[in-house]
């Protein structure tokens with residue numbers, strides 16, 4: 001198998017033309033969730049975390065679009081994250097992200113996961129940063 005064949009195999013149900021739409025979906029979900037949370041009266045920190053949840057959900061659902069088996073597996077994996085409902089919200093969010101990334105890569109869609117993970121990782125850095133210390 002040549003390199004192009006290997007890369008094509010890692011696109012899963014995606015085409016190269018789908019990848020910009022994946023990034024746009026993640027960014028729009030983030031912006032809309034943040035805006036809606038702030039309009040609803042959430043604090044900035046809470047709104048950032050909700051925006052990250054939306055980004056993770058958008059990435060997960062985008063990866064599921066062509067695969068019924070992955071959608072079932074994603075639900076099963078999400079139940080594992082939910083089982084630790086009493087855990088730190090930050091840790092639950094990061095575990096949910098790991099579940100989406102691992103599941104997506106496991107289905108053979110590693111390249112779309114990589115493309116979608118770039119904005120999600122930047123959003124996670126923004127959303128999970130500690131509150132600035134008072135000086």
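What follows is calculated from the coordinates using simple rules that are stated; it is not laboratory data. Note that the structure is a prediction, hence the values are computed from the model and not measured. When we count neighbours, we look across all protein chains shown, and the Cβ atoms used for this are built from the backbone with ideal geometry, even at glycine.
Roughly how tilted is helix 19-39, in degrees to the nearest 10 and between 0 and 90, from the longest Cα axis of the chain? Computed tilt is about 20 degrees. Length gained on full extension, residue 130 to residue 39: 30.5 nm, using 0.36 nm per residue less the C-alpha separation. A helix-only calculation puts the chain at -24500 deg cm²/dmol for mean residue ellipticity at 222 nm, using -39500 (n - 2.57) for each DSSP H run of at least four residues, averaged over all residues. Diffusion of the stretch 43-118 by Stokes-Einstein, at 4 °C in a medium of 1.567 mPa s and with Rh set to the Kirkwood radius over alpha-carbon pairs, works out to 102 µm²/s. Across every direction, the projection of the convex hull enclosing the Cα atoms of the chain has a mean area of 9.9 nm². Take the Cβ atoms of residue 114 and residue 94, set R0 to 22 Å, and the FRET efficiency comes out at 0.80.
Given their separation in residues at 0.36 nm each and the Cα-Cα distance between them, residue 76 and residue 32 gain 13.1 nm when the chain is fully extended.
The mean sequence distance of close C-alpha pairs (under 8 Å, at least 6 residues apart), as a share of the length of the chain, puts its relative contact order at 38 percent.
GNM on the chain, alpha-carbon springs under 10 angstrom: the most fluctuating residue among 107, 30, 44 is 44.
With the alpha-carbon atoms of the stretch 31-79 aligned to their principal axes, the span from lowest to highest coordinate is 38, 20, 12 Å, starting with the largest.
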